[in-house]
Amino acid sequence: MANKSTGGAMNAKMPEKILIVEDEHMLAFMLEDMLQSLCSCDVSHASTLADARGLVESQAFDFAFLDINLGKEDSLPLAKELHERNIRFVFASGYDSKYDSKSITAPLLRKPLGIDEIRSALSQDRPDDAAERIGRIG
Amino acid sequence: MFHYSEDMLSNVQLVDATFENAAIGIAHVGLDGSWLRVNERLLETLGYAHEELLQITFQDITHPDDLETDLDLLRALIAGEIPHYQMEKRYFRKDGELIWANLTVGLQRSPDGEPDFCISLVEDISKRKADEEHLKTLIDELNHRVKNTLATVQAVAHMSFRKDEPIADARLNFTGRLQALSSAHDILTDEKWRGANFREVVKRALQPFDLERAHRVRLKGPRVRLGARQAQTLAMAINELATNAIKYGALSNDEGMVSLRWTKITRNGETFLEFEWVEQGGPACMALDRTGFGSTLLTRILPGDFRGEAKLDYQEAGMHYTLLAPMEGASGQ
């Protein structure tokens, strides 16, 4: 794969402890499997906002994947918390037009997720440097 | 009342009759926006009494977001830049209800060519607008479902095609999984994606195997409603269990049986769903590949989506799978 990043891109340290917030367990499992093929990282999964909050409060994550639509709720309040805790994160959604994250700016990965986009999201410090298909909300 | 064919009416009377009896709102509107003459249909559409409407202007009852466009077009009409105009706009009825109208405006000039008043046709199109809105919601919803399904198919593919599995087998398994997913979609489409009945999901997922007719699988359980996600995952789980039973378990010989039971049980005031797949009379049972799709689906993904717990046992009598989940988890509530 060609590396699109230029000399000026800031490459962040690969995360060591990753949180996946995703209400569909099949998708969470796949993402976990993909992540483990990319890094020797510890991956946790939460399918509800409450579970995710509990994990964030008790463990020190350095990266998170947030599915936006979690069925009856959405992950935007958690995004705010992660932002305040200075934890890097990206949104992942197949469909997001009805969401507005207001003050939060973070990369948006489109489902179905590609392994290159995931790798790029993990290794890039600033959203601006992220790969082509990474959009933004907010 | 007059009769068109019998009475030779004056042009004035004919125009009056047309104005009053038209099934569309008609008005003469002053250049400042005041209503000069309005017909009965327009009063019905806007919900005002005759005297009330004549005391206000169209600006007073136009939705603020549509006002500028309307006024710009009116200016252009009066200036002679356009011969007439048409727009879809919102009016506030007297009772406060917002309606959509199709407005068509022409200009009457006096004999010396100066603009005199506007002739406005106002057609209530609220129903069409509501239909369009509904259609847009449906398309958004469909888009959402298609994207979700594509993501699910990606996950199924990701887990089906693995380095250590022969490609021909993987392809066969993958197709079976897509068929199971599709069987759940059929039911959900019939039910307008509001949910599905447990029995229906199980029966459709088993259909390709033709087992029920052969009395090799017995289904027993009450009516239980499942959420859309839960129905899809269950259909795929049933597909894995049946495939495994045919290859290695109770359905790999001529006498083995599968009992598929689900029950509602109450514990400490909370209602749970218990689902069991019990194999009997098969060959000595082999454990599922613990890292394989079937095993992952049954022990991790199905209980996850149902917010419950699962147990996969390999007893001498055959495989025994149990899922215990709160009813709210099963119904996706």
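The values are calculated or read from the model by the stated rules, or taken from the named source; none is laboratory data. As the structure is a computational prediction, the values presented were derived from the model and not from experiment. Cβ coordinates were reconstructed from backbone atoms using ideal geometry, including for glycine residues, and neighbour counts include every protein chain displayed. Ligands, DNA and RNA are excluded from the accessible area calculation, which covers all protein heavy atoms including side chains. Shrake-Rupley method; radii C 1.70, N 1.55, O 1.52, S 1.80 Å.
Within the stretch B:222-230, identify whether any single residue is in contact (Cβ under 8 Å) with a residue 40 or more places away in the chain, assigned to a helix (DSSP H, G or I) and open to solvent by less than 40 Å² (accessible area, probe 1.4 Å), and answer yes or no. The answer is yes; a qualifying residue exists.
The rows are residues; the columns are (1) surrounded by 19 or more Cβ atoms within 10 Å (Cβ to Cβ); (2) touching a helix residue (DSSP H, G or I) at 6+ places or on another chain (Cβ under 6 Å).
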| residue | (1), (2) |
| --- | --- |
| B:Leu234 | yes, yes |
| B:Ala242 | yes, yes |
| B:Lys264 | no, no |
| B:Glu276 | no, no |
| B:Thr296 | yes, no |
| B:Asp313 | no, no |
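Is the stretch B:190-203 home to any residue that is assigned to a helix (DSSP H, G or I) and closer than 23 Å to A:Lys111 by Cβ? Looking through the stretch B:190-203, none of the residues is assigned to a helix (DSSP H, G or I) and closer than 23 Å to A:Lys111 by Cβ.
For the stretch B:120-135, a residue qualifies if it is small (Gly, Ala, Ser) and surrounded by fewer than 12 Cβ atoms within 10 Å (Cβ to Cβ), and exactly one does: B:Ala130.
Of all residues in the stretch B:98-115, those being part of a strand (DSSP E or B) and free of Cβ contacts under 8 Å to residues at least 12 places away in the same chain number 1. Test B:Lys94 against the stated conditions and say whether it is of a type outside the set (A, V, I, L, M), open to solvent by 40 Å² or more (accessible area, probe 1.4 Å), within 14 Å of chain A (Cβ to nearest Cβ) and not in a helix (DSSP H, G or I). The answer is no for B:Lys94.
Return yes when A:Ala79 is at pLDDT below 95, of a type in the set (A, V, I, L, M) and surrounded by 22 or more Cβ atoms within 10 Å (Cβ to Cβ) and no when it is not. For A:Ala79, the condition - at pLDDT below 95, of a type in the set (A, V, I, L, M) and surrounded by 22 or more Cβ atoms within 10 Å (Cβ to Cβ) - is met. Look at A:Val56 and say whether it is of a type in the set (Val, Ile, Thr), buried (at least 16 other Cβ atoms within 10 Å of the Cβ), in a helix (DSSP H, G or I) and more than 12 Å from chain B (Cβ to nearest Cβ). It is true that A:Val56 is of a type in the set (Val, Ile, Thr), buried (at least 16 other Cβ atoms within 10 Å of the Cβ), in a helix (DSSP H, G or I) and more than 12 Å from chain B (Cβ to nearest Cβ).
Residues are listed down the side, and each one gets a yes or a no for (1) out of contact with any strand residue (DSSP E or B) (no Cβ under 8 Å at 6 or more places or on another chain); (2) in the same structural domain as B:Arg216 (by TED's automatic domain parsing); (3) part of a helix (DSSP H, G or I); (4) of a type outside the set (Phe, Trp, Tyr):
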{"site": "B:Leu251", "(1), (2), (3), (4)": "no, yes, no, yes"}
{"site": "B:Asp254", "(1), (2), (3), (4)": "yes, yes, no, yes"}
{"site": "B:Leu260", "(1), (2), (3), (4)": "no, yes, no, yes"}
{"site": "B:Thr263", "(1), (2), (3), (4)": "no, yes, no, yes"}
{"site": "B:Leu273", "(1), (2), (3), (4)": "no, yes, no, yes"}
{"site": "B:Trp277", "(1), (2), (3), (4)": "no, yes, no, no"}
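Selection of first residues in the stretch A:36-63 that are more than 18 Å from A:His83 (Cα to Cα) and touching a residue at least 24 places away in the same chain (Cβ under 8 Å) and of second residues that are basic (Lys, Arg) and open to solvent by 70 Å² or more (accessible area, probe 1.4 Å), restricted to Cβ pairs under 6 Å at least 6 apart or on distinct chains, gives the following pairs, ordered by first then second residue: A:Leu38/A:Arg119.
Checking the structure you have, find out if any residue of the stretch B:136-149 is more than 14 Å from every other protein chain (Cβ to nearest Cβ), open to solvent by 80 Å² or more (accessible area, probe 1.4 Å) and either in a loop (DSSP other than H, G, I, E, B) or among the charged types (D, E, K, R) (or both). No. Within the stretch A:80-95, the presence of at least one residue that is aliphatic (A, V, I, L, M) and within 10 Å of chain B (Cβ to nearest Cβ) is confirmed.
Sort out which residues of the stretch B:165-180 are touching a residue at least 60 places away in the same chain (Cβ under 8 Å) and open to solvent by 80 Å² or more (accessible area, probe 1.4 Å), and write them in order of number. Within the stretch B:165-180, B:Gln179 is the sole residue that qualifies. In this structure, B:Thr69 does not qualify as surrounded by 12 or more Cβ atoms within 10 Å (Cβ to Cβ), within 22 Å of B:Lys127 (Cα to Cα) and among the β-branched types (Val, Ile, Thr).
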